[in-house]
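Here's the structure, in structure tokens; my notes come after.
The values are calculated or read from the model by the stated rules, or taken from the named source; none is laboratory data. These numbers come from a predicted model, not from an experiment. For neighbour counting, all protein chains shown are included, and Cβ atoms are generated from backbone atoms with ideal geometry for every residue, glycine included. Quick note on the areas: whole protein, heavy atoms, side chains included, nothing else; ligands and nucleic acids left out. Shrake-Rupley method; radii C 1.70, N 1.55, O 1.52, S 1.80 Å.
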Amino acid sequence: MNFQLLVRQILLIFNSERTISAPYHLLKGKKSSQTLEDAVLFHLQPYYHLLPFLTRESYDAVIAKLCQQGDLQLTNERYTVKPPPQQSSHFDGFSYRGGERVFFARLQLLVQTLSQRNAQNMKFVPVVTDLRIQRFVKQFLRRYTTASLAEDLYKEIVSLLADEAISDWQRLLFTYRLSGYEQPAQTLEQLASTKDVATIDAELAWLEALHYLLKRVESPLLLALLEGCIVSEPLTVSAAKTLQFLAQGYTLEQVANERKLKLATIHDHVIEIARNRPTFDITPYVEDKIVRRVHQAVATLKTRRLKVLQQTLNIDYFTIRLALTREV
Amino acid sequence: MLERALQHYFGFSSFRPGQEEVIRALLANEDVVALLPTGTGKSLCYQLTGRLKEAPVLIISPLLSLMQDQVNQMKKLGFKRVVALNSFLTREQFTEVLANLAHYDYIFVSPEMLQNVNIGRRLKQLPFGLIVVDEAHCISEWGHDFRPDYLRLNTWLKYDSRPPIVALTATATSKVLADIKDVLCIKEASMYLAPIDRKEIRLARQWFTTAQEKVNWIEEYVSTTLGPGIIYTSSRKKTEQLTAQLRKWRIKVAAYHGGMTNEDRQLIQEQFLAAELEWIVATSAFGMGVHKNNIRHVIHETMSPTLSGYMQEIGRAARDGQDALATVLCTEQDKEVLQFLHDTVPTEEMVRAYYAHVSLAISDSNAELLKYLYANYELSQAIVYCQTLKVEKNKAFQATKNYMETSKCLRATLLQYFEQATVPQQACCTQCGLNVEDYKEVRKFTNLSKQSLDWALRLQQMLLK
Ligand SMILES: [Zn+2]
């Protein structure tokens, strides 16, 4: 999916209920609760944090282009967008949130190191300057010391790239961005120019391949490189649904009615949400001073056992559990 | 004995002009101001001195991108304990480096880092054998690339156990030299001024009526002439446009400018080095730290704002001592643009307004200068300072303009600005009867087929022996 279509798609889903800038914040992966909750509410998780380095200029340029082409009309505070042609994509920004780039940087440095090592040249300028990545790869090389490491990695990459769901263009983007001995990588801009496409479109094609492939990694070396790169979706489907209702202003009782679930189940959802989302606002359900009282009790009684707390404070279990999801 | 050390640490059998004298003086604990033209191995002077003194070396460097490159190059040479203290480090990395300062043999630092009281104090406690002030001409507003921040070195350098200083500069007009000595408080410095003329670089100048004519000329030149070469232009946008234009001729060319990521810039440099690229279209961001010795052409699509800058940029050609061509393309409009660039000194009204705390719309460089002036000078002094600066900038502009217009020898004109004399030579410049064609190697068009990409092959070449 190219950048123009992507922006149109997101604008269409927001359906003019958010400003024209909302897709920009979503793509950048802004960490505000508004953007995060919007991603969930509008089912836009696939596009969250796709392009953390997107500049406002290039975003504004594509908006201007869409307007000029007649695909988008801006009328004070609202917009109308022409629906883009139906397209499926493999994006899953919410699960990676930049982790796919971390994975790739590790792979770039590992391939470079192994390639230089094959050529018996240990003096080279690392393609990745980030010290955390350098440290990771150093540790990796300490852990995997077999002589056939380069060959094993080669086999793993080839079999991963053999997947028919990705195109030859994506395979090129993957491999030519790796550097080897006397074979410096190509920049995205250079690769894009060989196909006469915009750099950002090449970036999206590369990302889409990564998002698809990384979930299918089953081989040991690549799995080790993936460590910590995928955020497992912390919310169960049901809790996510409850969150959607809450974001629309429903009370807990209304959600229970609407979803034909017990109030206790909804309470469990709220606890789950609060645990997993530090930005989730709990004050509608428990007052600040109650939260402080619970924590004072934890400190004096030196326990977090609910039964003890409940008996001492005489507050219901839900409120105590919710209070305990926050530190004071 | 020094040569044996050179052989031992670097594998070279002899010094280049100037290096040995500088190192001897530093080993004798003298302060040194050295003008070593680009590409003559400035860094070797402090690298070897550090090794011989068996003491850590502090390198103060004003240009962040250059600093990173120097660190990379040193690591490539096998120096392990090298670090750069600058704003590129994350907070975590910074704390880690600061906690382990004593571990490093070579510490690069930006002048603004020294202003941080904590860092400044910690560094003074280290037993440095040498302090290097790199790109020292940045200290002087009479040099190009003036950095007001650099002036504050003055205070930091005043401490009892201070080791000898070596100030490395690419420009050495008498005014710049006086400023360097003044700011660094080195009265008794030894001076090494290597001749800056590079005979193997033939100078050419070409006039046009429109900018489009220049583009046509470059297309013609590059498509028929074998590189490697650099084309300098004045803006990021122009580098991209010209690159796109040249790619149509299937020339292996890429753009290089400060708006690209560090990683991408590094890759372009390496591709150029590995001869995967034949031409680079760049802004002045390109060049420092490019260690390619067979560059045959440097074309200036637009003249550099100063002759010092021009000298440095063409100096990247012909490091192997073989002939090269440096061509500047001129139009009448270019002179206006240059004039505009030199007109950036704060006016008297701006200075008055700034001192009166009236908010102003001004450029970043002017804001930086005014901030510095405000902290150090009275209003009247600041006004005089800016007036003098304007006069000097105008002189620099006149010198550049003169190079574009003169009917005399280009080499003589250039060297005159650096207060050095010329030795007449054959095929010196287009004013002295240089026939440019004698120095161009014709490209055979048949070589240029569209690059075919094969992902499986590439992976094999990278990972299988
Ligand atoms: Zn001449």
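Counting pairwise Cα distances across the range A:3-89, what percent come out greater than 18 angstrom?
38 percent
Using the basic label-point model (7 angstrom from Cα toward the beta carbon), what is the A:Asp316 to B:Leu77 distance in nanometres?
Between A:Asp316 and B:Leu77, the label points sit 7.3 nm apart.
Which whole-number percent gives the relative contact order of the range B:2-193, counting Cα pairs below 8 Å spaced six or more residues apart?
29 percent
Roughly how crowded by other chains is peptide B:235-248, in terms of the mean Cβ count from those chains within 10 Å of each of its Cβ atoms?
Taking all residues of B:235-248 together, the mean is 1.
What's the angle, to the nearest 10 degrees (0 to 90), between helix A:199-214's Cα axis and the longest principal axis of chain A?
70 degrees
Using only the alpha carbon atoms of the range B:41-178, find the Kirkwood hydrodynamic radius as the inverse mean reciprocal pair distance, in angstroms to one decimal.
15.3 Å
Quick one: buried accessible area between A and B, total over both chains, 1.4 angstrom probe, nearest 100 Å²?
What A and B bury together is about 3400 Å².
Among bridges DSSP assigns within the protein assembly as shown, what percent are antiparallel (round to 5)? Write out the running numbers ahead of the final one.
Values: 6 of 53 bridges.
Given both bridge residues lie in the protein assembly as shown, the antiparallel proportion sits at roughly 10 percent.
Using only the Cα atoms of the range A:7-159, build the gyration tensor, take square roots of its eigenvalues as a ≥ b ≥ c, and label the shape rounded, prolate or oblate: rounded if a/c is under 1.5, else prolate if a/b is larger than b/c, else oblate.
Because a/c hits 1.5 or more and a/b exceeds b/c, the range A:7-159 counts as prolate.
Tell me, Kirkwood radius of the protein assembly as shown from alpha-carbon pair distances, in Å?
30.6 Å
How charged is the neighbourhood of B:His300? Take every other residue with its Cβ under 11 Å from the Cβ of B:His300, and add Lys/Arg as +1 and Asp/Glu as -1.
On the way: positive: B:Arg205, B:Lys214; negative: B:Glu301, B:Glu313, B:Asp334.
It works out to a net charge of -1.
Of the listed pairs A:Lys30/A:Lys138; B:Lys181/B:Lys393; B:Lys175/B:Lys390; B:Lys42/B:Lys395, which have alpha-carbon separations greater than 26 Å here?
Beyond 26 Å: A:Lys30/A:Lys138; B:Lys42/B:Lys395.
With equal scatterers on the alpha carbons only and no solvent term, can you work out the Debye log10 of I(q)/I(0) for the range B:354-465 at 0.10, 0.16, 0.17, 0.21 1/Å?
Each listed q corresponds, in turn, to -0.72, -0.88, -0.93, -1.18.
Largest first, please: the extent of the C-alpha atoms of the range B:227-343 along each principal axis, to the nearest Å.
40, 31, 28
Looking at the range A:1-107, which trypsin sites (Lys or Arg not before Pro) are DSSP coil and have at most 14 other C-beta atoms within 10 Å of their C-beta? Could you put the intermediate results ahead of the total?
Numbers: sites: A:Arg8, A:Arg18, A:Lys28, A:Lys30, A:Lys31, A:Arg56, A:Lys65, A:Arg78, A:Arg97, A:Arg101, A:Arg106; in loops: A:Arg18, A:Lys30, A:Lys31, A:Arg97.
The qualifying sites are A:Lys31.
Averaging over every viewing direction, what projected area does the convex hull of the Cα atoms of the range A:237-323 cover, in nm²? Numbers along the way, then the final one.
Values: hull surface 23.2 nm².
It is 5.8 nm².
Go through the range B:394-446 and name the GluC sites (Glu not before Pro) that are in a DSSP coil and have 12 or fewer other Cβ atoms within 10 Å of their Cβ.
Values: sites: B:Glu405, B:Glu419, B:Glu437, B:Glu441; in loops: B:Glu419, B:Glu441.
Those that pass, being in a loop and sparsely packed, are B:Glu419, B:Glu441.
For the pair B:Ala55 and B:Thr347, what calculated FRET efficiency results from E = 1/(1 + (r/R0)^6), where r is the Cβ-Cβ distance and R0 = 60 Å, to the nearest 0.05?
0.80
After finding the eigenvalues of the alpha carbon gyration tensor for the range B:77-147, what semi-axes result from the square roots of 5 times each, listed largest first in whole Å?
Output for the range B:77-147: semi-axes of 23, 15, 13 Å.
Per residue, how much accessible area does the protein assembly as shown show when a 1.4 Å probe rolls over the protein heavy atoms, in square angstrom?
On the way: 37470 Å² over 793 residues.
Spelled out: the 1.4 Å probe surface of the protein assembly as shown, per residue, equals 47 Å².
With no solvent and one equal point scatterer per Cα, compute the Debye intensity ratio I(q)/I(0) for the range B:163-228 at 0.12, 0.25 Å⁻¹ and report its log10, rounded to two decimals.
Ignoring solvent entirely, the Cα scatterers give -0.61, -1.15.
Give me the mean projected area, in nm² to one decimal, of the convex hull enclosing the Cα positions of the range A:96-225.
On the way: hull surface 31.8 nm².
Mean projected area of the Cα convex hull: 7.9 nm².
How big is D, in µm² s⁻¹, for chain B by Stokes-Einstein at 4 °C and 1.567 mPa s if Rh is the Kirkwood radius over C-alpha pairs? Could you put the intermediate results ahead of the total?
Values: Rh = 23.9 Å.
My calculation gives 54 µm²/s for D.
Once every DSSP H run of n ≥ 4 in chain A is given -39500 (n - 2.57) and the sum is divided by its residues, what mean residue ellipticity at 222 nm do you get, rounded to the nearest 500 deg cm²/dmol?
That comes out to -17500 deg cm²/dmol.
Is it possible to state the helix-based mean residue ellipticity at 222 nm for chain B, with each DSSP H run of 4+ residues giving -39500 (n - 2.57), the sum divided by total residues, to the nearest 500 deg cm²/dmol? What is it?
My calculation for chain B gives -13000 deg cm²/dmol from helical runs alone.
Cβ under 15 Å from A:Glu182's Cβ, A:Glu182 left aside: what net charge do those residues give with Lys, Arg +1 and Asp, Glu -1?
Result for the neighbourhood of A:Glu182: +4.
Expressed as an acute angle from 0 to 90° and rounded to the nearest 10, what is the orientation of the C-alpha long axis of helix A:3-14 relative to the principal long axis of chain A?
Between helix and principal axis, roughly 10 degrees.
Using only the alpha carbons, work out the radius of gyration and Dmax of the range B:201-281 in angstrom.
So, for the range B:201-281, Rg and Dmax equal 12.9, 38 Å respectively.
How big is the accessible area of B:Thr233 in square angstrom, nearest 10, if you roll a 1.4 angstrom probe over the protein chains?
About 10 Å², ignoring ligands and nucleic acids.
Could you pull out the GluC sites (Glu not before Pro) across the range A:221-328 that fall in loop regions by DSSP (anything but H, G, I, E, B) with no more than 11 other Cβ atoms inside 10 Å? All intermediate terms of the calculation are to be shown ahead of the outcome.
Numbers: sites: A:Glu227, A:Glu253, A:Glu258, A:Glu272, A:Glu287, A:Glu327; in loops: A:Glu227, A:Glu287, A:Glu327.
Counting only loop positions with at most 11 other Cβ atoms within 10 Å, the GluC sites (Glu not before Pro) in the range A:221-328 are A:Glu327.
Excluding residues fewer than 8 places away in the same chain, name every one of the lysines whose C-alpha is closer than 21 Å to that of A:Lys262.
Cα-Cα hits under 21 Å: A:Lys241.
Once you average over the residues of B:213-225, how many Cβ atoms of partner chains fall within 10 Å of each Cβ?
Numbers: counts 0, 0, 0, 0, 0, 0, 0, 0, 0, 0, 0, 0, 0.
Mean shielding count: 0.
Can you give the average number of partner chain beta-carbon atoms within 10 Å of each beta-carbon in peptide B:260-270, as a whole number?
Across the residues of B:260-270, the mean count of other-chain Cβ atoms within 10 Å is 5.
With a cut-off of 8 Å between alpha carbons and a minimum separation of six or more residues, what is the relative contact order of chain B in percent?
15 percent
Measure off, as a whole percent, the carbon and sulfur share of the 1.4 Å-probe accessible area of the protein assembly as shown, all protein chains present. Mind showing how you got there, number by number?
Details: 18760 of 37470 Å².
Result for the protein assembly as shown: 50 percent of the exposed heavy-atom area is carbon or sulfur.
What is the local net charge at B:Asp105, summed over the other residues whose Cβ is closer than 10 Å to its Cβ (Lys, Arg +1; Asp, Glu -1)?
Summing Lys/Arg as +1 and Asp/Glu as -1 gives +2.
Which percent of the Cα-Cα distances in chain A go past 25 Å?
62 percent
What's the angle, to the nearest 10 degrees (0 to 90), between helix A:131-143's Cα axis and the longest principal axis of chain A?
Roughly 80 degrees, rounded to the nearest 10.
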